[in-house]
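Q: Let me begin by handing over the structure; questions about it come next.
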Amino acid sequence: MNLTDAVERVPIHTDPDGVARVAGTRVTLDTIVSSFDAGATAEEIAQQYSSVPLPDVYAVITYYLRHKTEVSAYLHTRQEQAATVREEVERRFSASGIRERLLARQR
């Protein structure tokens, strides 16, 4: 076998909602990247997210490091979407008085 001819797929799958996940798991690309950026090693990430095999963690990190611009743009878009959803939820379901309502239910 000629090692330079080996081609491996990056184990990232985009679900119908546009969320990039480690293939075969529910773990998002966001999760792996944020853990790595926070200083976690691939081994620590694999241990924390046991559904992701260590070689897949390394492959995702490698992809991230080789495609930082694209991944950063994707993550920025995800953050904007999360902010929009948060604003919508806060608009629809006011948090004012929630403590009092919860305490009243408890009584």
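None of the figures in this text is laboratory data; all of them are computed from the coordinates on show. Please read these numbers as outputs of a predicted model, since none were measured by experiment. Virtual Cβ from ideal backbone geometry, glycine too; neighbours counted across all protein chains shown.
Q: In 5 Å bins starting at 0, how do the alpha-carbon pair distances of region 3-106 split up by percent?
A: With a bin width of 5 Å, the distribution comes to 2, 11, 17, 18, 14, 10, 8, 9, 6, 3, 1, 1, 1, 0.
Q: For Cα pairs less than 8 Å apart in space and 6+ apart in sequence, what is the mean separation divided by the residue count of the chain, i.e. the relative contact order in percent? Provide the component values of the computation, followed by the final result.
A: Working: 61 pairs, mean separation 19.6, N = 107.
Relative CO of the chain lands at 18 percent.
Q: Using only DSSP helix segments of four residues or longer, with each worth -39500 (n - 2.57), what per-residue ellipticity at 222 nm results for the chain after dividing by its residue count and rounding to 500?
A: -18500 deg cm²/dmol
Q: Say the dipole of the chain comes from +1 at the beta carbon of Lys and Arg and -1 at that of Asp and Glu; which of Ala95, Gly18, Gly39 then lies farthest toward its positive end?
A: With unit charges placed on the Cβ atoms, the residue in question is Ala95.
Q: Residue-wise, which Karplus ³J(HN,Hα) couplings in Hz belong to region 43-49, taking 6.51 cos²θ - 1.76 cosθ + 1.60, θ = phi - 60°, and x for glycine or proline?
A: Coupling constants for region 43-49: 5, 5, 5, 5, 6, 5, 10 Hz.
Q: Distance in nm between label sites at Ser51 and Arg86, each 7 Å beyond Cα in the beta-carbon direction?
A: Modelled inter-label distance: 2.4 nm.
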